[in-house]
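The values are calculated or read from the model by the stated rules, or taken from the named source; none is laboratory data. Bear in mind the structure is a predicted one, so any value in this text is a computation, not a measurement. Neighbour counts run over all protein chains shown; Cβ positions are idealised from the backbone, glycine included. These area figures cover heavy atoms from the full protein model, side chains too; ligands, DNA and RNA do not enter into them. Shrake-Rupley method; radii C 1.70, N 1.55, O 1.52, S 1.80 Å.
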Protein chains: 2
Amino acid sequence: MAKEIRFNAFEMNCVTHQSPGLWRHPEDRSRDYKTLSYWVGLAKTLERGLFDGIFLADVQGLYDVYGASPDAALAHATQVPVNDPLLLVPAMALVTQNLGFGVTVNLSYEPPYAFARRMTTLDHLTNGRIGWNIVTGYLDSAAKANGRIKQTAHDDRYEVAEEYMQIMYRLWEESWDADAVVADADGGIYADPAKVRAIRHEGRHYKIDAVHLSEPSPQRTPVLYQAGTSPSGRAFAARHAECVFVSGPTKEIIRHRVGYLKDARRAVGGAPGSILIFALATIITAETEELAREKYADYRSYADPVGALTLMSGWTGIDFSKMDPNDIVQHVENDAGRSALENITRADTSRVWTVREVAEHVAVGGIGPVFVGSPVQVADQLEAWVDETGIDGFNLAFAVRPETFASVADLIVPELQRRGRYKSRYAEGTLRQKLFGGGPLREWLPAALPTKVA
Amino acid sequence: MAKEIRFNAFEMNCVTHQSPGLWRHPEDRSRDYKTLSYWVGLAKTLERGLFDGIFLADVQGLYDVYGASPDAALAHATQVPVNDPLLLVPAMALVTQNLGFGVTVNLSYEPPYAFARRMTTLDHLTNGRIGWNIVTGYLDSAAKANGRIKQTAHDDRYEVAEEYMQIMYRLWEESWDADAVVADADGGIYADPAKVRAIRHEGRHYKIDAVHLSEPSPQRTPVLYQAGTSPSGRAFAARHAECVFVSGPTKEIIRHRVGYLKDARRAVGGAPGSILIFALATIITAETEELAREKYADYRSYADPVGALTLMSGWTGIDFSKMDPNDIVQHVENDAGRSALENITRADTSRVWTVREVAEHVAVGGIGPVFVGSPVQVADQLEAWVDETGIDGFNLAFAVRPETFASVADLIVPELQRRGRYKSRYAEGTLRQKLFGGGPLREWLPAALPTKVA
């Protein structure tokens, strides 16, 4: 039987996420990102479409590489202003029963003890639907905002992250036994102290000696997401991640990454199926191909190339404001930025790409593919991507909010259901159980769990 | 015209807050603290009663002074387990229009840049109804949980807090001009970069160089709450707080504190009316005095003296497990703890108090008064407290959740309304406008605002 296709909504608590300029479209509600009504309406739409989850990106810093200033980011609203993503979850949880919440939090700026409680609290309030996208940060501006001169070197960040994760696992999994809370009203005992213990850790970066403040939540450890693309990021994902987001313009690039991730998971003793992989994509659809193409052309007319270059400068470290729009990007020799550029130019290797062309390409849907067409055409493409790359589903970006997601729920989901490629109802249980079935937490990764280490 | 009386609900994201043992009462829903349904139901009840706000206490650490271990706190659920309070706000905001949210956050464990965004996000999502109860921490266990050997000395904590507040004011009030966001779709400009600026601060404890991540929210600075009772705590309140919580068993003690706070506010150049003062109290009421007394007796039969002593040991630093229940507490000579004990024993100075008696007294309603009676009787007492002490209202603790609050909303509020001592509808605007009218932020405190300092 062909694999079911999974959908996540790729969102961010800000005006412009992956499609700069589209906030100006008359149907777009991006300017309502500050309101609860936008988010609860979206959550209901996604649950109607049986999306596995909403994935909330975040960045603690401004894109200030373009023009060596944050001015372009502010003027074009490229991921700034950006509000806290965690605080959207309780309201969305209140109006849904099954939707999962994968939230990006940069561990560099979260004291571990308080953060462990924050996530356990959300797991309680969502009844086991919380996930954490583990990020270690990539903008110098975020480091400066937190009293550091410069971002910590890349590999050191992952060393800090490893230590942080050990503390998290111990607080979430070890501090309270599963049967610690007895809530015995007659005996007057809420928790059995013999089944609760302080976690003691003294490492290179953190020191802690404390009982976890929260009682065990349905999942204990939130579902762990990761999106790192560097070698150390992928090694980290192999050890910790249950869901991984990948992005690239072609099936070939994605297939390569899927293979790499599955091999890395195998190398740490886990089954390849213990990791779910979602690829970035944007769907523009309507009842007919013609209507979809019209819609796409309409959207493109609102695209904002300067906003796109502002994002790309942040991602690559290259100040595109200093380049001529007609410069050929294949000639860029900056090591740090080349892979991000290749992500775009490899979409069509038969040609050279100018800076202007890259900007226009990125301005709708970022560096992922854009599937444009009737429901049948889009479903064909989605099936081909899943079947030819080994991914498990898509992390769907929006062009126009919430229309992009509503049209997926109303047009694409029914088409995939007709083909037997999409669930007709949610599975029971927590987010982890919905994604992986009833198995215990991360059985594939005994070495990472401190209970197995001790 | 007699002053209107204001109500806040004094809550905490845990099982036992001020009334140990009452979680065992058959009508009590404290064990549902982990669910959104408890909190949204409560929020609706409070808004029905035109409460100004819900005030969420918090503590980042366990009460481990009693018996030199956290065992008693765990067994008796005294403020542990305790979940994050901020995450309750978005769901409660979704089901209410006017209720304010005063949330306790310990600045010692919150990196300033991320915390400033968190509060701005909540101010956006609540449409200007967020408040912050500024705490600097008092449990050694919290310090150990955060990689420190011992809690920072008391006065040093307030020095750190002063520097922290300067950063907060600058991020909230100075980084973005009020008209920075133009959202000009035709011109393609979201924010005018000329009206947004990085905040640069390099002090003894913090260093920051960053644009605030969030655009201006309705209140910018949340309504600031404070509850410190030490001299440095009260000096801090005089400079920063808009609402202050006080607690004590008698009108005389409270009148003294009110006078002290108003004088301190005057001394820093503010009008005495620029600070609202709420006193801790618990109301046990029913249609008749007899029914109220029966209810109170029923509640007291569930009171848990060991739980009460566990709380008192944490508050005073005295290990009451080492004292005999018949010991006289007036003989305790521990300086740190004496004032907390006096808070209780002064309720009746005509007698000596044993440890057991104090524990039983504290076990319903903590160290505040308990008003028991018919609506008329309780309203009489509330009026007397307000008129004789100068307070503006009450911070109402619960005995049984949510019954204590529901009976206030349904019985006490109508009685006070009949007397012209309680509003019949909410005022318009943000929480600050509801509390203080239309004036600008904290006009009483020019020195604290960095725009005036610079």
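In whole Hz and in residue order, list the ³J(HN,Hα) couplings for the range A:277-282 that follow from phi through the Karplus curve 6.51 cos²θ - 1.76 cosθ + 1.60, θ = phi - 60°; x for Gly and Pro.
Along the range A:277-282, the couplings run 10, 10, 9, 4, 7, 10 Hz.
Leaving out ligands and nucleic acids, note down the accessible area per residue over the range A:202-319 with a 1.4 angstrom probe, in whole Å². List each step's numbers first, then the result.
On the way: 4120 Å² over 118 residues.
Value returned for the range A:202-319: 35 Å² of accessible area per residue.
How long are the three semi-axes of the equivalent ellipsoid of the range A:223-318, in whole Å, if each is the root of 5 times an eigenvalue of the C-alpha gyration tensor, listed from largest down? Intermediate values should be presented prior to the final figure.
Values: eigenvalues 211, 69, 21 Å².
So the three semi-axes of the range A:223-318 are 32, 19, 10 Å.
With unit charges on the beta carbon (Lys/Arg positive, Asp/Glu negative), name the residue among A:104, A:73, A:115 whose Cα is farthest towards the positive pole of the charge dipole of the range A:47-181.
Positive-end residue among those listed: A:73.
Provide the descending list of Cα extents for chain B along its principal axes, expressed in whole angstroms.
For chain B, the Cα spread along each principal axis is 73, 53, 43 Å.
With a 1.4 Å probe and all protein chains left in place, how much accessible area per residue does the range B:72-139 have, in Å²? It would help to have the intermediate numbers written out before the result.
Working: 890 Å² over 68 residues.
I get 13 Å² per residue for this part.
Taking H placed 1.01 Å from N in the peptide plane, check which residues at least 5 places from residue A:284 or on another chain put their amide H under 5 Å from its amide H.
A:371, A:372, A:373
Pull out a ≥ b ≥ c, the square roots of the eigenvalues of the alpha-carbon gyration tensor of the range A:38-116, then state rounded if a/c is under 1.5, prolate if not and a/b is larger than b/c, and oblate in the remaining case.
On the way: a/c = 3.02, a/b = 1.56, b/c = 1.93.
Cα axes put the range A:38-116 in the oblate bin.
Between residue A:394 and residues 5 or more places away or on another chain, which pairs have amide H atoms under 5 Å apart, with H built 1.01 Å from N, and which residues are they?
Here the answer is A:6, A:7, A:8, A:279, since their amide H atoms fall under 5 Å of that of residue A:394.
Considering only protein heavy atoms and a 1.4 Å probe, what is the carbon-and-sulfur percentage of the accessible area of chain B? Provide the component values of the computation, followed by the final result.
Working: 7750 of 15490 Å².
After summing per-atom areas, the C and S share lands at 50 percent.
What do you get for Rg/Rh over the range B:369-415 if you use C-alpha atoms and the Kirkwood form of Rh?
0.95
Under the 0.36 nm per residue contour assumption, what length would be gained going from the current alpha-carbon distance of residue A:384 and residue A:255 to full extension?
Working: separation 129, 0.36 × 129 = 46.44 nm, distance 1.16 nm.
That pair, residue A:384 and residue A:255, stretches by 45.3 nm at full extension.
Find the relative contact order for the range A:157-251 and round it to a whole percent, using C-alpha pairs within less than 8 Å whose residues are 6+ positions apart. Mind showing how you got there, number by number?
Values: 104 pairs, mean separation 22.6, N = 95.
Rounded, it is 24 percent for the range A:157-251.
How far, in nm to one decimal, is residue B:291 from itself in the other copies if the label point is set 7 angstrom along Cα toward Cβ? Shortest first, please.
6.0
Give the chain B residue with the shortest beta-carbon distance to the rotation axis relating chain B to chain A, plus that distance as a whole number of Å.
Result for the axis mapping B onto A: B:90, 2.
Peptides B:53-59, A:262-268, B:367-373: what's the order by average Cβ count within 10 Å, highest mean first? Present the calculation step by step, with values, prior to reporting the outcome.
Numbers: B:53-59: 24.3, A:262-268: 16.1, B:367-373: 21.9.
Top to bottom by mean Cβ count within 10 Å: B:53-59, B:367-373, A:262-268.
Of all beta bridges DSSP finds with both residues in the protein assembly as shown, what is the antiparallel percent, to the nearest 5? Walk me through the numbers before you get to the answer.
Details: 18 of 94 bridges.
Roughly 20 percent of the DSSP beta bridges within the protein assembly as shown come out antiparallel.
Placing a label point 7 Å from Cα toward Cβ, how far apart in nm is residue B:205 from its equivalents in the other copies, listed shortest first to one decimal?
2.5
Which residue, B:168, B:216, B:206, has the largest displacement toward the positive end of the dipole of the range B:151-223 when charges sit on each Cβ (Lys, Arg +1; Asp, Glu -1)?
B:206
Restricting to DSSP H runs of at least four residues, report the calculated mean residue ellipticity at 222 nm for chain A, -39500 (n - 2.57) per run over all residues, nearest 500 deg cm²/dmol.
Details: 17 runs with 167 residues, N = 454.
The helix contribution divided over chain A gives -10500 deg cm²/dmol.
Could you work out the Kirkwood radius for the range A:131-283, taking every pair of different alpha carbons, averaging 1/r and inverting it, reported in Å?
Numbers: mean 1/r = 0.0554 Å⁻¹.
18.0 Å is the Kirkwood radius here.
Given bins 10 angstrom wide, list per bin the percent of all Cα-Cα distances in the range B:1-149, short to long.
Taking every Cα pair in the range B:1-149, the percentages come to 11, 36, 34, 17, 2, 0.
Using the Karplus curve 6.51 cos²θ - 1.76 cosθ + 1.60 with θ = phi - 60°, what ³J(HN,Hα) values do you get for each residue of the range A:198-213, in whole Hz, with x for Gly and Pro?
Result, ordered by residue: 6, 9, 10, 9, 9, x, 6, 10, 9, 9, 8, 8, 6, 7, 4, 6 Hz.
Give me the percent relative contact order of chain B, please, defined on Cα pairs under 8 angstrom at least 6 residues apart. Don't skip to the end; give the middle numbers.
Details: 870 pairs, mean separation 106.6, N = 454.
Relative contact order here is 23 percent.
Determine the total buried accessible area between chain B and chain A, counting protein heavy atoms only with a 1.4 Å probe; round to the nearest 100 Å².
Values: alone 18530 and 18500 Å², together 30950 Å².
Result for this pair: about 6100 Å² buried.
Can you pull the mean other chain C-beta count within 10 Å for peptide A:108-116? Let's see the in-between values first.
Details: counts 1, 4, 4, 9, 3, 8, 10, 2, 1.
Average per residue, whole number: 5.
Can you find, among B:124, B:61, B:83, the residue farthest towards the positive end of the dipole of the range B:42-129? Put +1 on the C-beta of Lys and Arg, -1 on that of Asp and Glu.
Final value for the positive-end residue is B:124.
Average partner chain C-beta neighbours within 10 Å, per residue of B:19-32? Write down the numbers at each step before the final one.
Numbers: counts 0, 1, 2, 0, 4, 8, 1, 1, 0, 1, 0, 2, 4, 0.
Per-residue shielding by partner chains comes out at 2.
How high is the FRET efficiency between residue A:2 and residue A:410 when r is their beta carbon distance and R₀ equals 25 Å, given to the nearest 0.05?
Working: r = 23 Å, r/R0 = 0.91.
Between residue A:2 and residue A:410 the formula returns 0.65.
Give, rounded to the nearest 20 debye, the magnitude of the charge dipole that the range B:225-328 has about its Cα centre when Lys and Arg contribute +1 at Cβ and Asp and Glu contribute -1 at Cβ. Before the final figure, lay out each step's value.
On the way: 12 positive and 12 negative charges, 161 e Å.
I would put it at about 780 debye.
For residue A:251, give me every one of the aspartates and glutamates with a C-alpha distance below 15 angstrom, ignoring sequence neighbours fewer than eight places off in its own chain.
A:342, A:348, A:380, A:383, A:387, A:388, A:392
Copy-to-copy spacing for residue B:174, label 7 Å out on the Cα-to-C-beta vector, in nm, shortest first?
Copy-to-copy label distances at residue B:174, shortest first: 4.5 nm.
Note down the relative contact order for the range B:1-155 as a percent, whole number, built from C-alpha pairs under 8 angstrom at least six residues apart. Please report the intermediate quantities before stating the final value.
Values: 228 pairs, mean separation 37.9, N = 155.
With pairs under 8 Å counted, the relative contact order is 24 percent.
List the residues, sorted by chain then number, that are 5 or more residues from residue B:54 or on another chain and whose placed amide H is less than 5 Å from its amide H.
Distant-sequence amide H within range of residue B:54: B:9, B:100, B:101, B:102.
Hey, which lysines would be in cross-link range of residue B:44, C-alpha to C-alpha under 20 Å, not counting anything within fewer than 8 residues on its own chain?
B:34, B:423, B:434
What would the Debye formula give as log10 I(q)/I(0) at q = 0.06, 0.09, 0.11 Å⁻¹ for the alpha-carbon point model of the protein assembly as shown, no solvent?
So the normalised log intensities are -0.42, -0.93, -1.34.
For residue A:229 and residue A:360, what does the FRET efficiency come to when R0 = 25 Å and r is the distance between their Cβ atoms, rounded to the nearest 0.05?
Working: r = 23 Å, r/R0 = 0.93.
The value I calculate is 0.60.
Can you compute 3J(HN,Hα) from phi for each residue in the range A:44-56, using the Karplus curve 6.51 cos²θ - 1.76 cosθ + 1.60 with θ = phi - 60°, rounded to whole Hz and x for Gly and Pro?
5, 4, 5, 5, 4, x, 6, 4, 5, x, 10, 10, 9
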